Every structure is written in structure tokens, then in C-alpha cells.
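The values are calculated or read from the model by the stated rules, or taken from the named source; none is laboratory data. What you see is a predicted model; the values in this text were computed from it and never measured. Cβ coordinates were reconstructed from backbone atoms using ideal geometry, including for glycine residues, and neighbour counts include every protein chain displayed. Accessible surface areas use protein heavy atoms only, side chains included; no ligands, DNA or RNA. Shrake-Rupley method; radii C 1.70, N 1.55, O 1.52, S 1.80 Å.
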Amino acid sequence: MPSPIATLLWWGVRLSLLVGCIAVVLRLQSASSSPYQPTVYTPPPKHTYCYKAVRTDGVGAQQDADCFSVLEGRFTAVFKGQEVSAREEGYVFPGLWDGHGHLLQYGEFLHSVDLFGARTFDEVRRRLREYLEKHPDVGGTEEWVRGIGWDQMALGGMPTAALLEEDERLKGKFFMLDRVDVHCTWVSKAVLGLLPNEVPDIPGGEVVRNPGMGVFCDNAMDLVVGLWPKPGVEKKKGFVRSAMKELHKVGIVGMHDAGVLPKDIELYDEMSQEDEGWSLRVYAMIECEERNTFCPDEAVKIAQDSGLLSVRSVKLFADGALGSWGSAMIEPYSDRPDTSGSLLVNASTLTSLARYWSQAGFQVNIHAIGDLANRYAIDAMVAALKDLCPGETLASCQAHHRFRIEHSQIIHPDDQKRMHDIGIIPSIQPTHATSDMAYAELRLGAERTKAEAYRMRSLLDLRPILGSDFPVEPPNPFEGIYAARTRRNPHTGSGPPGAERGWHTEEALTLDEVLDGFTKGPARGAFLEDKAGVIREGAFADWIVLDQPLESLSEEDLRKVKVKETWVGGRLVYSRDADEIKDL
């Protein structure tokens, strides 16, 4: 017979959870009229939770905890409940982080045209028609039709404005449709009509003229993005709330927002002060209104005690993307020997920016995909570190400042060695490798691919930060875990032809290693170690509940994981059961 103490604890846990479930359902019902209202449950000031098992520090750590207590949004105790006779269903893991995403853009994507996976121009036009049928007021001068996800490799050719005019129902509408990597945008004739008759070439970008006008890449995108009627504050708030709600469904409790304009950081700061309107931890990187500039008067550092919003880093851009031949390469592309890609800023300017920003006290994070861009990013960081720490080793200085290369996608072996020597942090998106593997060797050739591209295990000692780059890739971290573990496409379960069991599997990670990349890696990259990515006394009370322990699943089942619950700061922000009730 259980002791009186155990009986009391049993009833306490059950009653609180019953109240919590009722609260969640009621909140969902009251919010059903608004697609933007996040599902948030605020528990009593102090609460104790017991589950089948609690993994406090990743998969591989030796742990026997199954209970923890939470007070004011932090773990106050993590322990083995010796006499608990009833436990909640499920297995607990630290809340997952996405180390590189785009919050506002993802929210906008959720309210725009999804072009991912379209394989013909007829399919693109069909999706645009269907969107316009549901949103008949969109497509005029005040609100353009936005979309994302097209890929000329899948469509069989580069799109043009004229292709949109082939459908009578699309004629005259204003369209701005981003490529899958968001480094190019495709516009309609109505948008082209706003430009001068003679559109100039743009340094660091490409105005695609063959087979016809309509696509603008990298710096050339500014020509049309500058004309686009931007969404207002209330619409942006809706985008943020929609994005947070979807991210919680896949177990994400925090993310690194890779490029946020100062005016949007103001919006974030306002929203994050609200009790119910902000439910995700965000580590935001400043991006000046004019990209690749120094804007100290607009750059504000933020460090909230709650940990819900932190701003202490900057995002700079060295080059474009591989898919559109925009990543800057040391040698020409194998499938386009006429080009080596584009630098978005010259090497000396990039170095000056890294020095200015670091001297202003900001962590420097540089987007670099091609091997030339990565080389210049490392050069810039070395110069900045020398300024910051005269007389100190580069590695010692880097340990304090934690400069990062966002994407770290194609790196010459000489520069890989420099990264190891200095300790520069790679921020990697595992699903980029499995999405790009279909054409990467066409762009790079087999030898350059094998020696330089999509390193993960080769960079493991640098404690990489893992993420998805949503909305470029889906934000589901379990797809990223699968991609890093198997080097196979999480949507098909296969590698490319000739490597169906996995593409360059010598770079695959173990489950322990990849889970660290989605928990402790982002925590360290955001200066939040011991506060995020772990379940321990004093850390933020962020956790997810799964139906089974990850280590018990087959490789194939990793990509199919469905999160049962997501908690942020001791608040239930997603419940699958409540979501299913709402869908009935």
C-alpha cells in the first residue's frame, strides 16, 4: 500500500494536470476565431511533474531522473521520485532549438503561396489561382501575392514574368515569389512595369535576362523588394504568433533569428513584454535596414531576465546561395564555368564591418556558403579578434566572443584547418545537405564536393549549432535529426541516385551528437549554456514530451516523430491532445 505522502503527491499531480488540460481546451476554444492566438497555459507558481523518464542532458548522459519541480519559469529540482505511483505518459527531453531560422518570414510564408515541390509551371499557376480564389482582395498595388518555394531545377528552366501571363486569371496581378533559398525572387509583369525601361546590372547580384525578364537574385532583389508594399505592424504580429504556434508543434522552444531589422526588433521587444502574446525564446541577430552596413544608432542590445528575447549579435552576408549559382567560389562552377558566383560585399568591407560590430560589443555572425565566401569570413573574423584581444591567442579570444559562420557549407580544407585552430563556430542546417545533394555535385564536381562540402562530422569538435533555415526548409527538428544521422532526405527516406543509403555518410552524426546540436549547441552559440538546452536546477523550464524515447526508435522512425507536448518557461504552449480535440 502506498504511503500517505505518495498518495498526496499522486493526487496533486493528477488534479493539476486535469486543470491544465481543461484550461488548454478552453483557451483553444476561445482562440478559435483568431488564427494568430497562441495556445498558452500558465501553471501555478510552483509545480512538480513526473514522467516515465526525464532525459536531463541529451540522449547519452547517465540519468535516472523522472521528476522535476518548476518555480517562476525555471527548474528548481530534478530528481528521482522514489514513491510516485502515478506518472504522466511520455518521455521528457530538453526543449529543442533551431539555430538558424527566420521568424517573421516563416509567419509570412504560412499566409502566402506554398510553391515547395512544384515540378511544372502549370502546377505553379494552379497554386496561384487557388490562392487568389481564397484571397480575392490580394494581388493589387496595395498587397501583392507573396509565395516561396520554386526551384528552376525542378521546374525545368528559369521562370519569367511572361509565364505568369499565360493564365488569364493571373494577368495584371502583382506577384513576388521567392526561390526555395530566398536568394532570388520571381515577379510578374505588373511589378516589372514599376521599374525603369532599362534595368541595370547590380554588383553582387544578378538580373536574370535569359530566357526573359522576371527573376532577380541576391543584391538585385533590392530593385523589386524596395517597391513591395510592406505588411503593417498588426499583420507582422499575426505572422509572429502564427510562426510560434507552428514551431511549438514540432518541439521548438527557442530559435536564433538570423537577420532582424531594427524596427522589427522593436516589435519583438514590445510583443515579448506581453503575458500571452509571445511564447518562444528568440536570440535575434541584427540586420541593418541597408544590408551589410554599420548602424550603431539603430542597434539595441536586449537581455530580458525571462530569456524570451536576447539581442547581442549581428548578421552579415558574404555571398548568395548554391542553387542559383550565387555562392562565391574560389574556382568556377563545374556546370557553369563562366561564373564563380557573387560576393555580396567585397573582402575589405566585410573585414571592416566585422571589426566595427565586434568593437561595439556584438557577436559577429556571417552568412557564407561558397568556399571563397567562407575564406573571406574567416579573414574578417581573424582581423576582428586581433583588434579585440591584443596579445591573446585567437582561440582564447574566440572562446569569449563566439563568432559564427552561418551555413559553413563549402569550405576549402585550408580554411577548415583555420576554423579548427581558432574555434570558429559553424552554424549548419542538416537538411540543406539532403536537399542540395541532388545537384551539389553538378555545381561543384565530385572532388570538390568530397573535400569541402556539407561537413558535419569533420567540424564536430567545433560544437556546431544545428538548425533548419526555415522557411527555406521545414522547421521540424526531427527531420534535421534524421538528415544529420542518416544523410538521407527526410521526405523520401533516400539518398540521391547511386547513394540511396546515404550521401557522404562519413559526415553523419550519432544521435547523441545531433541532439546536442539542437540543444546545447544553440545554447552555447547564444551565450545561454546551463540555461537552455538542458534540464537541470536553475535552467529555463523548457521541455518536450514524446511518446517514446528517441534512442529506442529506428532511424526511419526518427523522421516521423510527433511531439506530444511542448513547454516553455513552465507553460504548456502546445498539446497534441488538445490540438486533436480542436480539429474534431
For the stretch 488-542, what is Rg from Cα atoms divided by 2.2 N^0.38 Å, rounded to two decimals? 1.58
Would you mind estimating how fast the stretch 318-441 diffuses translationally, via Stokes-Einstein at 25 °C and 0.890 mPa s with the Kirkwood radius over Cα pairs, in µm²/s? 166
Which part of the stretch 338-367 falls in the paramagnetic zone of Val225, meaning amide N under 18 Å from the point 7 Å along Cα-to-beta-carbon? 342-346, 350, 365-367
Debye intensity ratio I(q)/I(0), log10, the stretch 388-480, q values 0.16, 0.20 Å⁻¹ (C-alpha model): -0.71, -0.98
Percentage of Cα-Cα pair distances in the stretch 331-403 greater than 20 Å, rounded to whole percent? 35
Can you name the helices of the chain, as whole DSSP H runs, whose Cα span along the helix axis is 27 Å or more and whose Kyte-Doolittle mean is not below -0.5? 4-31
Over the chain, what per residue volume does the convex hull of the Cα atoms give, in whole Å³? 153
When you take every Cα atom in the stretch 517-584, what is the radius of gyration, and what is Dmax, the widest Cα pair distance, in Å? 14.2, 42
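Restricting to DSSP H runs of at least four residues, report the calculated mean residue ellipticity at 222 nm for the chain, -39500 (n - 2.57) per run over all residues, nearest 500 deg cm²/dmol. Could you put the intermediate results ahead of the total?
Numbers: 21 runs with 197 residues, N = 584.
The per-residue figure over the chain is -9500 deg cm²/dmol.
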Where the accessible area of the stretch 417-469 is counted over protein heavy atoms with a 1.4 Å probe, how much of it, in %, is carbon and sulfur? 55
Just to verify a number: FRET efficiency for Cys295 and Ser396, C-beta to C-beta distance, R0 = 25 Å, to 0.05? 0.25
Determine, at each q value in 0.17 (inverse angstroms), the log₁₀ of I(q)/I(0) that the Debye formula gives when each Cα of the stretch 246-373 is one equal point scatterer. -0.91
Compute the distance in nm between two label points, each set 7 Å from the Cα along the Cα-to-Cβ direction, one at Leu460 and one at Ala438. 3.0
Rounded to two decimals, what is the ratio between the C-alpha radius of gyration of the stretch 123-224 and 2.2 N^0.38 Å? 1.01
Treating every alpha carbon of the stretch 210-295 as one equal point scatterer without solvent, the Debye formula yields log10 I(q)/I(0) values at q = 0.26 Å⁻¹ of -1.36
Could you list the trypsin sites (Lys or Arg not before Pro) in the stretch 496-554 that lie in coil according to DSSP, counting only those with at most 13 other Cβ atoms within 10 Å of their Cβ? Arg501
Along the Cα-to-C-beta direction of Glu166, a point sits 7 Å from the Cα; which residues of the stretch 174-204 have their amide N less than 17 Å from that point? 186-189
